[in-house]
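Every read-out reported here was derived from the displayed coordinates using simple, explicitly stated rules and does not represent laboratory data. For clarity, every value in this text was computed on a predicted model and none was experimentally measured. Cβ atoms come from the backbone with ideal geometry, glycine included; neighbour counts cover every protein chain shown.
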Amino acid sequence: MIALAVAGMLVFFVAPLAGLVQRAPWREFASDLTDPATRDALRLSLECSLAATALSVIVGVPIAWVLARTEFRGRSLVRALALLPMVLPPVVGGVALLTAFGRAGLVGQYLDRWFGITLAFSTWGVILAETFVAMPFLIITVDGALRSLDTRYEDAGATLGASRFTVMRRVTLPAIAPSLAAGAALTWARALGEFGATITFAGNLPRTTQTMPLAVYLALQEDSGSAIVLSLVLLAVSITVLAVVGRRVFANRALPASA
Amino acid sequence: MRTSGTSSIGAAAVACVLALGLSACGSSAKPAATSPSTTSAAGSGSARLSGSITVFAAASLTSSFKDLAKQFEAAHPGTTVKLDFDSSSVLVTQIENGAPADVFASADRKNMQKLQSKGDVTATPTVFAKNLLEIAVAAKNPKHVTTVADLAKAGLIVVLCAAEAPCGKYADQLLKQDKVTVSPKSREIDVKATLSKVELGDADAALVYVTDVKAANGKVDGIQIPTDQNVVATLPIAALKDTKNAALAQAWVDFVTSSASEQTLQQQYGFLAP
């Protein structure tokens, strides 16, 4: 058992990271890091992934709440639909987004014709693609947390005269806060790492739609040294966030339901 | 609250994933035949060739190489030609990192030279075709693009290949030599992705190869670029040093560079003579 665990850790987690660190061109590290293209890609990645996370929370929490707290025919179908992007190959997601929101798309053609809005090839296109692939992570986490929450606290709040919104704000959200934070962290990480959907739907243009994963992929074709540097930067950012959020989230194991 | 049940499920999961990973490694090993009879002279139709090779080819060769592979396999029963199409620069990176390729067909000399300088090719590469660039537009040319200069028109959504891919380098070269400044909306990772943006209606125009417009079979229209404004793409092919089936690899190279194949490439697919 322990041997398996150790082997698994080494193969899947330690070796790839060690490989990156070992092959990094430390002499060019500083110059690669301060390269404007790198900074642009990193800044764009962070901005888009944070926006996608915010959008996922704003839209995802209500969806999760409806799935967990209301009963209606076809609920399991709706749940499956909401979680579909999680299992869909990302590039398929990109193609789907194009057929829906591209210039000739189902919805996109009206956006273009009536409002002159083109989402493909724009930064908002990146945010849309990232939200599409990442929101299911938030939904599944919050849905699970809500379903395991003891509803008696919410019922108590309601019988004491609180409106549904107040109950949500003062009772439910604080109770699921650790799960919400964990879900948001997962969502953010997924959004940050997205490649297939963004390159297919939003395209690739430095400063507008070229996020870090795209920059790494293209750098690999010209200069593998700078690709490794970019990868390490992304890795460092991800580890930092995981460390910050993880400490708060994984330390707090107490949920009202387990009382 | 941890139970022994949870930890054994976890161990089982790790075991499953490890097993899957190892079996995937095993199945990707090439089923190369190493019978001594394959070392007989390659290139002659009566030579007993067998086994399989993996050909890494530039994306622009997709339809043509699939066709040539079928012809080759029919002429040499018992052989398999596996094709892997991608941007030439991606393929070079993969080969340099140990990808099991037997033959490499590039969309430009530069990428082939990267392998040559590392000693990864067996002999001097042979140029088997040339290509020209063309402007791909939506069917019926709704935006009335007629010249390269039109690509700079305000409001026109133009996409090009990424600068790291050969078609991107050729496009940049063409625009520079014709003194046209274009702000593309996207630089796609290979020529097929670039063309698809026009096919899907998300882009108005793209700079792709003549052969790609032809392969699109009417889904896009092509605006020809006069030769004096165009750039010529050179396509070399070479067998790789680390091939596990040297005879078959060389036979494929000989087949592609034969006059019959070159005729096919030119007449059916729109390539230029080497």
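Numbers at a glance
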read-out	value
Given charges at beta-carbon only (K, R positive; D, E negative), |dipole| of segment B:131-232 in Debye	140 debye
Enclosed volume per residue, in Å³, of the convex hull spanned by Cα atoms of segment B:126-235	93 Å³
Residue exposure sequence - A:Asp40, B:Asp204 - by fewest surrounding Cβ within 10 Å	A:Asp40, B:Asp204
Of A:Pro213, A:Leu42, A:Gly125, farthest towards positive along the dipole that unit charges on Lys, Arg, Asp, Glu beta carbons give segment A:35-258	A:Gly125
Alpha-carbon spread of segment A:54-208, three principal axes, descending order, Å	53, 31, 27
For the protein assembly as shown, alpha-carbon Rg and Dmax in angstrom	27.2, 92
Taking chain A and dividing mean pair separation by its residue count, relative contact order in percent (alpha carbons under 8 Å, at least six apart)	30 percent
Relative contact order %, segment A:147-228, counting alpha carbon pairs below 8 Å whose residues are six or more apart	16 percent
Convex hull of Cα atoms in chain A, direction-averaged projection (nm²)	18.1 nm²
Cα principal axis extents for segment A:61-136, largest first, Å	39, 27, 18
Per-residue [θ]222 nm for chain A (sum of -39500 (n - 2.57) over DSSP H runs n ≥ 4, rounded to 500)	-24000 deg cm²/dmol
B:Lys110, B:Lys140 arranged by Cβ crowding within 10 Å, fewest neighbours leading	B:Lys140, B:Lys110
Computed E for B:Lys70/B:Ala123 - FRET, C-beta separation, R0 25 angstrom, nearest 0.05	0.45
Rounded to the nearest 20 debye, dipole of chain A from Cβ charges on Lys, Arg, Asp, Glu	780 debye
Taking the C-alpha atoms of segment A:1-99, convex hull volume expressed per residue in Å³	199 Å³
Per-residue Cβ neighbour rank within 10 angstrom, fewest leading, A:Trp124, A:Trp26	A:Trp26, A:Trp124
Most fluctuating residue given options A:Val237, A:Val107, A:Val14, as computed from a GNM of chain A linking Cα atoms under 10 Å	A:Val14
For segment A:64-144: relative contact order, % (alpha-carbon pairs under 8 angstrom, 6 or more apart)	40 percent
Inter-label distance for A:Leu173 and A:Arg147, nm, one decimal - labels placed 7 Å from Cα along Cα-to-Cβ	2.4 nm
About the Cα centre, charge dipole magnitude for the protein assembly as shown (Lys/Arg +1, Asp/Glu -1 at Cβ), debye	1340 debye
Sites A:Leu20 and A:Glu47 - FRET efficiency at Förster radius 30 Å, r taken between beta-carbons, to 0.05	0.75
